[in-house]
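Read-outs: derived from the displayed coordinates by stated rules, not from any lab. All values derive from a computational prediction rather than experimental measurement. Every residue, glycine as well, gets a Cβ built from its backbone with ideal geometry; the counts of neighbours run over all protein chains shown.
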Amino acid sequence: MTIRTYESLPTAAARIGVSVKTIRRRIAEGVLPVYRCGRILRLDPDDVDAMFSRYPQWSTAPQASARARTAQRAS
């Protein structure tokens, strides 16, 4: 049996570098599930981490072609 750990909203916010208000917004939007015990709200760290998605890497090729088009228009 694995032991589940939970973290408070301020702890989760500090860990990922956002405000508690942002965490509360994500809960209200239904993006982030929250666990309640009375008045205490707790988050599963795995759920908090799952909010993030990898963004595709930036390529320098589109910037170079954009500069070339700008140079062609100027001539």
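Tabulated data
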{"quantity": "Residues that are touching a helix residue (DSSP H, G or I) at 6+ places or on another chain (Cβ under 7 Å) and surrounded by 14 or more Cβ atoms within 10 Å (Cβ to Cβ), drawn from segment 25-44", "calculated": "L32, V34, L41, L43"}
{"quantity": "Enumeration of residues in segment 4-50 that are among the acidic types (D, E) and either assigned to a strand (DSSP E or B) or in contact with a Gly (Cβ under 8 Å, 6 or more places away or on another chain) (or both)", "calculated": "E7"}
